[in-house]
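Presented below is the structure to which this report refers.
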Amino acid sequence: MTLQEKAELLDMYCRLRSAAAVACYFKINESSIRAIVKKEFMKPLLKAHQQMQKLCTFCEIVFYLMLKM
């Protein structure tokens, strides 16, 4: 699948929110659609969430140490 096709697939999925409709249009399995969406959308969000958790933990530690002073 070309990069242009993948971009079109993701755009269509965002508009329709239906893996079945997108799969029918591109003539590929629904599971392939879900895998592409997961790879392109969910992993970056998960990474950002993990980074935010690290920042929150750091802030909690700093706040705790400030209270101890």
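The values are calculated or read from the model by the stated rules, or taken from the named source; none is laboratory data. Everything numeric here is computed off the predicted structure, so don't read it as measured data. Note that each Cβ is placed from the backbone with ideal geometry, even for glycine, and that neighbours are counted across all protein chains shown. Note: accessible area is taken over every heavy atom of the protein model, side chains too, but ligands, DNA and RNA are not part of it. Shrake-Rupley method; radii C 1.70, N 1.55, O 1.52, S 1.80 Å.
Worth a mention:
- Here the accessible area of the chain is 63 percent carbon and sulfur, with a 1.4 angstrom probe and all protein chains present.
- Calculated Kirkwood radius over Cα pairs in Å (choose from (i) 13.0; (ii) 14.5; (iii) 11.9), label: (ii)
- Placing +1 on the Cβ of every Lys and Arg and -1 on the Cβ of every Asp and Glu, with no other charges, gives the chain a dipole of roughly 180 debye about its Cα centre.
- With the highest mean first, a sort of the peptides 3-11, 48-56 on other beta-carbon atoms found within 10 angstrom per residue produces 3-11, 48-56.
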